[in-house]
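Here is the structure we will look at.
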Amino acid sequence: MINSLFIYSPRGDLLITKVIKDSVRKTSSLSEVFRIQIISDSSGVIRSPILTLGSTTFHHIRKNKLWIVAVTRNNVDSALIWEFLFRFSNLLENFGINNDDSVRDKFTLVYDLLHCILSIDGVPYDTELSNICSKLGIMPVNKNVISGSSNGSSTADSNGISINGSNSNIMNSGNNSNSSNNRSIDDNDFFSSLNPKNFGKFLDRKSNSNSSSNTALNSYNNTTSDIPWRPNLDIKYKKNEIFLDIIENINILISKEGDILKSYIDGVVEMQCKLSGMPVVQLKLNDEQQQQKADDFEHYLDLDMKKRKKGIPDSAVKSVHLDDYKFHQCVQLNKFHTDCSITFVPPDGNIELMTYHVKEYLNLPFSIQPIVTSNSRTNSVHYSISLKSLFSSKLNATDVVLKIPLPQGTLECNSKASNGKCKYSVEEKMFYWRFNKFRGSTENMLQMSARLSENIIFDLNKWNKPAISLKFEILMFTCSGLTVKYCNVRERSNNYRTTKWIKYISKAGSYEVRY
Amino acid sequence: MSSQAIFVKHKASELKQEYDPVIQESLNIYNSGGTIGNNSNKKKKIEIFLKKVVANFTFNNHLEMSKLYFEVFQCLKIFHTTSSNNKDSLITNLCYQYIQQITTPQLISQDLIQQVLKFIINDLYYNNNQYFSTLALETLCYIKKIPEYTFEALKYIDHNIESESNSSIDLIKKKTCIEAIPNLLIDKFSNKEQQQKKKIIDKYIKLLWDLFTNSDSSSIRASCLKSLQYLYVNFEPWNSNLQLSFDESKKIIKTLGNLNEWDKSCIINLLTLSVVPKTHEESYAIIDMILPQLQASNTSTVLQTIKFILYLSNYVEALSYSITNRISNSIIALLHKPNELKFLVLRNVILLLLSREHNNSSSTENKPRENFLNIDISYFFVEFDDPIYIKDTKLELLYLMADEKNISIILDELKEYAIDIDTQMSRKAIRAIGNLAVKLDSGNGKKEAIAVLLDLLDFCSVEYIVQEIISVFKNIFRKYPNEGTKSIISKLVTNYIDVMEESESKSAMIWILTEYSNHLPQYLTLFDEYFVKIFLQQTFEVQCSILTSAVKFFVRDSNKQSEEVCVKVLKMATEQNGNPDIRDKSFMYWRLLSGLSTNQIPVEIVKEIIDGKLPLITLNNKLDPLILEELELNIGSAASIYLKPVQQVFRQNKTRYLPQSPALLPNKTDLVIIHDEKRPSLLAALGTGGINSSSRTGSLRSMDSGIPSIRDRSGSRVGSDFSFETEFDDDPLNNFSRNNSFSGTGGGSTSPKKNISDYDKPVENVNQIKRKNSLVKKPSMLARKLTLKKKF
């Protein structure tokens, strides 16, 4: 599928050429074509992420300013190619390769990596971080990059996920690195973990759970149940831990009249697993689809009608309507389809377990009410803004920043605020109102007037008025109201105890108000 | 050694000179059975040597580097993993890297090739390390020009596939082997006779089918399918897709859950067209089974699933609304992917809109048709940080999705873009508004669009905006000649006639001036002043327009002034102009007019020729249904981005057609989307809420204790499953009022406008702005600070 793959430095120097199907000579001329057509042509603006010349197609992405390019023939599945390129770039980051110097430094690793993740035919083979680590016998440098994700939102926020355990116990104990650069591919012993008998019928928990793992392992037939994302059964942790982070990005656009033009939440459930053996995790959310399955449908049909008539506010809705979910490959989709339980054998380490999307019934955490007037006599614009937090007073929002764009030709700003810090940035023509901490159920006011340069005739009605935007982060609050009902980890061994950590974070995606 | 030094273009002789002694020394130690230490200088030097060689590939320096083949091979021998004393994986790896790229019969001597081959074969069979055995196989596959290599690779594959062992390593090996088959066969038989070729391919097809039916491992089966598909498509006499029976496909779909994401996506991809449902029931059964895959996080899997469902929907009569709704929702969820993938998804939404959306105005039936996609337009509002390609696609989508119901929202949004700082964007937005006016010919759409354009004209007098608006107005008048009222025309022309710079807007202005000259008393003076005088400096298009208009004015109203202008233009066009087209055109006019003056041609005919009625324009953005059908079978592929027939973009690809079957719908538009009586998800939501509303206060109270315990991840939360479950039973985060009114549908575009004030509620603390900015803190504040400190 992929004929060859290139990595270029930001300046356009070719760093990596992986030839897969074409001849060497042809590939090198193609790399030149791409450099001329795209890199030297684009002055910072990418017109299209895909270029087709004849029957050759270049799919390219930019990550950390590096150009990663896949060359293909004929009509290929573009989704697959791009998805693969993003996974690949995430893997590179996992191994600390994030600029042209580090690519040059570790270029042998890049080739090894490509060998592992692409099949002979150039089709993506396996991109699960934990698998690659065990294949190559190396440790990821940067574990905060979520391996399973190709999402734009960077989630390298380690706040609260303090990793207590040592990193080294991910690999099985038999794998001792004997070469200077921490590589140990050459030994048979790491395959001892890939031994056939290590593949378990993971869902078969009735099997004899003797204390000795060997007898347990012998008790199933070794022909089925291959789990591509957790081939290694011998993972051992002193303490079994599972971390769930529920991170929501809320996007709102409010018009001049206060109409909500756009409102949705992109949520992601990130998980870090430090679990021994072959655990099966079951997760239940307060999502209505999951709840509804258990309940009698007809009964609610009546209730629904009543409720609408009486106009009971839907704050009483206990469950959340998730408009869509996307799951990591480890989740058993068929099982989710039949009984709506999220069941999976997790890969080791960090993954993005699930992403979801909500567009109705959001908890808006903030309301912004701007009143903007202009005074032609003093040639100034006057802003009066009230910022109200609508969440419980028990919670605090942190890093709250209100960004107010000012017209061109603003000379100075005079502001009075009931709280928070004010700053005017001359270069950006932007006024910042900052709070380190914003309590729930609180209203704050800002009075600000911007004086314009005299030679500008300002007309408020003719100014294009870029939207006022807000940034914030609230811990232990979800805009959708999503919560984890329970999270159950089971394993064949008897004394399997797991510690679970859950964190909810709501963040502003684009939270904008026009005026 | 620093990385910079490695990434330098070298000559083979330089490297040879520098490193040959080290290699020789090492070779001696190796031959005498000695050991080269892990950290010894020699080893490091050899490492650097190989790194330099491989790094040189990126400088297109292959020819030069091929001279070092022997040296590299020596290194491989010394440090190979099978050698007892000096195994080093990094060096082995680099050597293989080199061999893969360099081994060609033209550059390397036959003798050396044979030696290397022996070595590789040894690795294939006797290296217990799976990494290196696949590397060896890969190397054999890459080196296609040498028949011995291919032969050995096939031999190994036969050996491996037939082995009964089912251990995990063997499974991975087997998988690699299966996937290597088509790659090897493609090149091997390019110049052998048909007979022999067919025999060998038949053998492998049989082998793969056997494996497919007998294997227990789903990933092995997946690999078999992939290889089979490849062989069927690329070889005679088949040259067609793999065909799967209903039972086989059911079996495959059932085990999709055991595949990794890439295999999954490839398999769903090949299922399209390979499965041909015989009846509607079969089709429904498969759709039901494949639906869960829409929830995968891999974009490719989701798009392939959508493709498969759409393909199957050609073999059913009706689809449930819940299915189309799920497709829409899963598309929406893909819109938070990185830009490149988002772009692909948006392009495919365009495709679906074109192929599946029913044109409401043209449907003769009274039944309201459900749209296939149900996506709120707000997802296609442009964000300021979108790259250009996404902005353009979103604009196109807004245009396509506009109808009488949402036109005002879309126009408001487009108006915002029109005053954007980005000039390209604002031009495109104005274009879109104009096109919308032309598109929505019934109802208020056009009126609103024209109003917005006039508004914009008042709003900003930036040149490019004005010019763009004038060009757009020309199209609008071509569609609705009656919209050109006196007030609008006089406003457009008198205010902005001097602003026109670009040739398109100039031509548009001339056209408007000519067409509506009856609204303008001074039209000839204006025309003379602004266009005729500078005739010679104009571009070709503008000159054409001026010429045509001058003649039109004269024919319409022959008086002295118009004659003067007309003759002036004709003279300039014939005598001073260098463009033959303009010259010919003006001669033609001249001839016509002189025929008029000598009464050879009646006036009516001349008028008809020169100033005839123009046909109304229509916007046609529909694609041929056949092309759409083909594109639907290529969802998610590169062709779906270009929205062109596959063969137009990629000549070697074959056009895909829907296979015939008794269940095939004669016409795509016959597909009916049925609203389910029950809308399970939503009703359940309301239901649960209803039941719990009485106990709501209770859970509110209990949350007071709930929140802090979850909030901190300190040791106190460490506990067993049991305590965990109970805690999360009352959801502490749900106690925020949701005041927005019910819209009735579970997330569709039908929800009424919500207002921010619906969410408003009184707050506990209101911080007022203090009159004075005093630096002194209140005593109460200080006290609070102190108490806080105490706590810690």
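The values are calculated or read from the model by the stated rules, or taken from the named source; none is laboratory data. Please read these numbers as outputs of a predicted model, since none were measured by experiment. Don't worry about glycine lacking a Cβ; one is built from the backbone with ideal geometry, like all the others, and counts go over all protein chains shown.
Brief remarks follow.
- Of residues in the range B:448-463 being within 14 Å of another protein chain (Cβ to nearest Cβ) and within 12 Å of B:TYR496 (Cβ to Cβ), the one modelled with the highest pLDDT: B:LEU457
- Test: residue in the range B:522-530 that is of a type in the set (S, T, N, Q) and buried (at least 18 other Cβ atoms within 10 Å of the Cβ): no
- Contact annotation: residue pairs with Cβ atoms under 8 Å, 6 or more positions apart or on different chains, pairing a residue in the range B:402-419 that is away from chain A (no Cβ under 12 Å) with a partner that is hydroxyl-bearing (Ser, Thr, Tyr), are B:GLU404/B:SER442.
- Top-ranked residue in the range B:381-439 [being polar (S, T, N, Q) and part of a helix (DSSP H, G or I); ranked as farthest from A:ILE468 (Cα to Cα)]: B:ASN435
- Residue selected from the range A:340-363 under the condition more than 8 Å from chain B (Cβ to nearest Cβ) and aliphatic (A, V, I, L, M), by the criterion farthest from A:PRO140 (Cα to Cα): A:VAL358
- One residue stands out among those in the range A:31-52 that are under 24 Å from A:VAL123 (Cβ atoms) and within 11 Å of another protein chain (Cβ to nearest Cβ): the one that is nearest to the chain's Cα centre (by Cα), which is A:PRO49.
- Only residues that are in a loop (DSSP other than H, G, I, E, B) and either among the polar types (S, T, N, Q) or in contact (Cβ under 8 Å) with a residue 60 or more places away in the chain (or both) were counted in the range A:54-81, giving 5.
- When residues of the range B:297-321 are limited to those that are closer than 15 Å to B:ILE331 by Cβ and of a type in the set (Val, Ile, Thr), the one farthest from the other protein chains (Cβ to nearest Cβ): B:ILE309
- Residue in the range B:121-135 that is of a type in the set (Val, Ile, Thr) and in contact with a Cys (Cβ under 7 Å, 6 or more places away or on another chain) present: no
- Qualifying residue in the range B:251-261 (condition: within 30 Å of the chain's Cα centre (by Cα), more than 10 Å from chain A (Cβ to nearest Cβ) and not hydroxyl-bearing (Ser, Thr, Tyr)): yes
- Filtering the range B:440-454 to residues that are part of a helix (DSSP H, G or I) and crowded, with 17+ Cβ neighbours inside 10 Å leaves B:GLY445, B:LYS446, B:GLU448, B:ALA449, B:ILE450, B:VAL452, B:LEU453.
- Some residue of the range B:355-365 being over 27 Å from B:TYR642 (Cβ atoms), over 21 Å from the mean Cα position of the chain (by Cα) and at pLDDT 85 or above: no
- Residue match in the range B:383-392 (condition: of a type in the set (Val, Ile, Thr) and within 14 Å of another protein chain (Cβ to nearest Cβ)): yes
- In summary, A:MET271 fulfils each of the numbered conditions (1) assigned to a loop (DSSP other than H, G, I, E, B); (2) at pLDDT 50 or above; (3) closer than 18 Å to A:VAL345 by Cβ; (4) not hydroxyl-bearing (Ser, Thr, Tyr) with the single exception of condition (1).
- Candidates B:LEU395, B:LEU457 - the one that is surrounded by fewer than 23 Cβ atoms within 10 Å (Cβ to Cβ), within 20 Å of B:PHE380 (Cα to Cα) and in contact with a Lys or Arg (Cβ under 8 Å, 6 or more places away or on another chain): B:LEU395
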